[in-house]
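**Student:** Quick one: structure below, then a few questions.
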Amino acid sequence: MKALHIHAGPVALAHLRRHGLQPQDVRTIPAAAGGPKGLILGPLDRFIFGEWLARSAHEVHLVGASIGAWRMATACLPGSLAAFERLEHDYIHQHYEPPPGRSRPTPRHVSERFGQTLQAFYGGQVEALLRHPRYRLHIVTARGRHLLAREHGIATPLGYLGAFLANAVHRPAMGAWLERVVFSSPGPQGVCAPLPFGTRDYRTRQVALTPANFMPALQASCSIPFVLQAVHHIPGAPPGAYWDGGITDYHLHLRYGAGDAMKNIASGACQEGAGSQKGPESPGLVLYPHFQRAVVPGWLDKQLKWRHKATTALDTMVVLAPNPEWVRGLPNAKLPDRQDFMHYAGDTPGRVRAWQAAVSASARLAEEFAEWLERPDAAVLRPLAAP
């Protein structure tokens, strides 16, 4: 039984059948939110960034939300192979002690500890990360509006209820409550790198990613509402409360390669300049190591199955996803997820063992992808469609 399934949109599928896949074909790599599920992608990350992409020299856009933003920022570090191994270790071994009389740690405690983790992980390397010669990093966050403009014990739950109801009716309507804010590293001209996707789908801003705002932007992208605190007062960004980028863009179902990337960006975003006014040199293909086949638009769409289908936005996408049958052979017959914190409450070593076993097994995903790249077999390719 194969561990890896390769799914592709129609444009990507035609290309793979004729030419296989070369490093220079890939212009964008997204990385989804999803918490511990992203752990199984570590071996693929190490192979793709440590070996395969190193055979080319072109510009690649890395787009991440939540743990995906952490993964893509890690890809930009000097010595990224060792950094990916450390990310895996640090994530697996995280532990937050609840206060006496409570079953869960407070959002304030989790935020403080997570901020310390990011500082220890990236401290002293941010400038080098942002100056990567090839990779343009885009960190996706969700900025609250109106009732969600500031975190508040009563207003925040009410605001998220409003966002939930608006999203259920019409996804763009959620923009009245939460907007997508993308923090982008500099391009070759020193101004904001162009977004590798269009923004007509949802209210969007773009902000220059700098050493001053890298840490708060990355923490905001990982700040799950009611689990961590929102991040306020991010330098260079509009005022407001910033939360997990997966709320607006859970699996980054975006219009990749669209030419309107800067037309709908709100004013006051990136420095004006030639580098920020045109899209990527070539849209190319989108290579997406993912933990499932479906590319779900937003976190609030998880239960809205009709929004899980592939659209024309994903025509150039290649999804590398685990075979659901293979997943059933992992500990607890599933991918690692946040429910494991409750399932293994009081048994952190047991959770660590289960997660380490899943990560060790996922080495097969990278091995099978490497084998397919060497000997492309069109017969194993699957159309990217709804589950």
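**Student:** Just tell me which aspartates and glutamates come within less than 16 Å, Cα to Cα, of Lys302; anything on the same chain fewer than 8 places away is out.
**Tutor:** Filter leaves Asp244, Asp249, Asp337.
**Student:** A further question follows. Do the sum for the chain: with -39,500 (n - 2.57) for every DSSP H run of n ≥ 4, divided by all residues, what is the mean residue ellipticity at 222 nm, to the nearest 500 deg cm²/dmol?
**Tutor:** Per the formula, -9000 deg cm²/dmol.
**Student:** Here's another thing I want to ask about it. How large is log10 of I(q)/I(0) for the chain at q = 0.07, 0.10, 0.12 Å⁻¹ when the intensity is taken from the Debye formula with one equal scatterer per alpha-carbon?
**Tutor:** Log10 I(q)/I(0), no solvent term: -0.28, -0.60, -0.90.
**Student:** How would you rank Val182, Val380, Val60, Val286, going from fewest to most other Cβ atoms within 10 Å of each one's own Cβ? All intermediate terms of the calculation are to be shown ahead of the outcome.
**Tutor:** Values: Val182 26, Val380 12, Val60 22, Val286 29.
So the residues, fewest neighbours to most, are Val380, Val60, Val182, Val286.
**Student:** Hey, what D do you get for segment 1-128 in µm²/s if you plug the Kirkwood alpha-carbon radius into Stokes-Einstein at 20 °C and 1.002 mPa s?
**Tutor:** Reported coefficient: 127 µm²/s.
**Student:** Going by C-beta contacts inside 10 Å, put His290, His138, His343, His5 in order with the fewest on the left.
**Tutor:** His343, His5, His290, His138
**Student:** Further, regarding this structure: So for segment 332-387, what percent of the C-alpha to C-alpha distances run longer than 16 Å? Each step should come with its number before you reach the end.
**Tutor:** On the way: 918 of 1540 pairs.
Summing the P(r) of segment 332-387 above 16 Å gives 60 percent of all pairs.
**Student:** Check each of the trypsin sites (Lys or Arg not before Pro) in segment 55-109 and keep only those in coil by DSSP with at most 11 other C-beta atoms within 10 angstrom; list them in order.
**Tutor:** On the way: sites: Arg55, Arg71, Arg86, Arg102, Arg108; in loops: Arg102.
Sites meeting the loop and neighbour criteria: Arg102.
**Student:** For Ala8, list long-range residues whose amide hydrogen, built 1.01 Å from N in the peptide plane, is under 5 Å from its own amide hydrogen.
**Tutor:** Residues meeting the criterion, in which the H sits 1.01 Å from N, are Val319, Arg382, Leu384.
**Student:** Taking a quarter of the surface of the convex hull around the Cα atoms of segment 1-76, what do you get in nm²?
**Tutor:** Values: hull surface 23.8 nm².
With the hull built on Cα positions only, its mean projection is 6.0 nm².
**Student:** Which longest run of the chain has no exposed loop site in it, a site being chymotrypsin sites (Phe, Trp or Tyr not before Pro) in a DSSP loop with at most 16 other beta carbons within 10 Å, and the site itself not part of the run?
**Tutor:** Values: sites that count: Tyr96, Phe226.
Longest gap between qualifying sites, sites excluded: 227-387.
Only the coordinates and a few stated rules stand behind these numbers; no lab work does. What you see is a predicted model; the values in this text were computed from it and never measured. All Cβ positions, even for glycine, are placed from backbone atoms using ideal geometry, and neighbour counts span all protein chains on display.
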